[in-house]
1. How much net charge surrounds residue B:33 when only other residues with a Cβ under 13 Å from its Cβ are counted (Lys, Arg +1; Asp, Glu -1)?
2. Report, to two decimal places, the Cα Rg of the protein assembly as shown normalised by 2.2 N^0.38 Å (N = number of residues).
3. Efficiency by 1/(1 + (r/R0)^6): what FRET value for residue A:84 and residue B:128, r their Cβ-Cβ distance, R0 = 51 Å, to the nearest 0.05?
4. Given the options B:181, B:24, B:90, which has the most mean-square fluctuation in a GNM of chain B, springs set between C-alpha atoms less than 10 angstrom apart?
5. Using a 10 angstrom cutoff on alpha carbons, build the Gaussian network for chain B and name the most mobile of B:36, B:210, B:49.
6. Using bins 10 angstrom wide from zero, how does P(r) for segment A:16-90 break down, in % of all Cα pairs?
7. Give the average, rounded to an integer, of partner chain Cβ atoms located within 10 angstrom of each Cβ in B:162-175.
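We did not get these values from a lab; they are worked out from the coordinates using the rules stated. All values reported here derive from a predicted model rather than from experimental measurement. All Cβ positions, glycine included, derive from the backbone under ideal geometry; neighbour counts span all protein chains shown.
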Amino acid sequence: MEQVLPGLDSVIHAQARLRVMVALSVLPPGDRVTFPRLQDLVGMTPGNLSTHLHKLEDASYIAITKAYQGRTPVTYVTLTRAGRQAFEDYTAALRELLAAANHEAHEEKL
Amino acid sequence: MHNGHPPDPPVGTTDPALASPGQTLALIKAQRRVIARNLYVDPALILGAWGLAWLVGGGAGYLAAHGWLATGVPIWLAGIISGVLFAAATLVSFGEPARRGRGVAGPSRRVQAVYGWSWPLAFAGVLALNLALDQQGLPAHLAPLLWTGTSLLAVGLLYLAGGMLWDSRLQYGLGLWVLVTGAAGVAAGYPGNFAVLSLAGGGGFLVAAAVARARHWQSERAA
């Protein structure tokens with residue numbers, strides 16, 4: 001029963017990146033989160049998280065900034081405006097697909 | 001990948017969790033709930049801690065002042081009980097947002113920090129004002145009324161501010177209630193002011209805590 005979903009953003013449509021996008025979208029707009037806390041929230045290893053963050057950054061969905069707290073470098077991650085929009089479009093597309101599938105199932109019954 | 005990670009599976013084919021729109025939406029919903037729970041600053045915890053501190057602290061003050069339990073609750077013990085409970089509530093009030101907001105920075109955290117600092121600043125003002133009045137010969141019998149009255153005024157105004165900042169009718173309503181409680185306490189006179197502080201003040205906070213908890217449960221079930 002495998003189903004390929006057409007019209008979905010392939011940058012977001014992978015479980016690890018989807019989890020990251022959800023986590024960042026829950027934060028109030030403009031807020032940023034440190035790498036370790038984000039790792040904690042999404043439950044991923046640093047290497048894995050880093051790989052997926054770079055893909056999201058390449059798509060300009062997130063911004064990664066480095067700051068200093070005293071002498072310790074801190075990496076912050078934030079959802080960009082484009083990223084928030086892309087995530088909204090992605091969930092809207094999913095809902096449309098779901099509605100279409102339900103509609104089809106309903107038609108078949110009739 | 002350059003650091004040895006396997007490439008991603010093709011869209012929607014090998015990850016069973018993302019196989020259908022329904023499953024993907026369910027995953028998003030579940031993940032959103034986990035994250036929201038992790039970041040949620042529990043107002044019921046903070047309001048409950050203050051409710052308890054006021055109820056017990058104010059009650060002990062009243063009993064000690066009234067001499068009902070002259071053998072059981074000396075005034076110094078009432079002072080210690082209140083001090084410990086107020087210190088604990090302060091710790092909870094600053095600790096809970098700090099713990100939940102760990103590693104988060106940005107506009108919402110700045111608002112939280114500025115609001116947090118408003119409390120010690122407001123109480124420094126109350127302290128300065130009351131000590132100055134004391135220096136200038138405030139009659140001793142008015143001192144407890146001045147302290148509870150001005151403290152409640154500051155608390156009430158800060159809850160009004162919190163209600164504005166976070167668009168919270170609950171906080172705003174509690175602020176109003178505390179303002180009324182403060183005025184009523186002064187009107188009641190000493191030591192009735194402690195009873196008002198304990199029952200109306202502490203009770204008000206506990207009711208607000210219960211409302212906050214009930215609302216949160218409701219919204220979690222609806223989410």
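1. Working: positive: A:19, B:29, B:32, B:37, B:221; negative: B:220.
Combined, the nearby Lys, Arg, Asp and Glu give +4.
2. Details: Rg = 26.7 Å, N = 333, 2.2 N^0.38 = 20.0 Å.
Normalised Rg, Cα atoms only: 1.34.
3. Numbers: r = 46 Å, r/R0 = 0.89.
Given R0 = 51 Å and the Cβ-Cβ separation, E is 0.65.
4. The residue that fluctuates most here is B:24.
5. B:36
6. Once binned at 10 Å, the Cα pair distances of segment A:16-90 give 20, 57, 21, 2.
7. On the way: counts 0, 0, 0, 0, 0, 0, 0, 0, 0, 0, 0, 0, 0, 0.
Counting other chains' Cβ atoms within 10 Å and averaging over B:162-175 gives 0.
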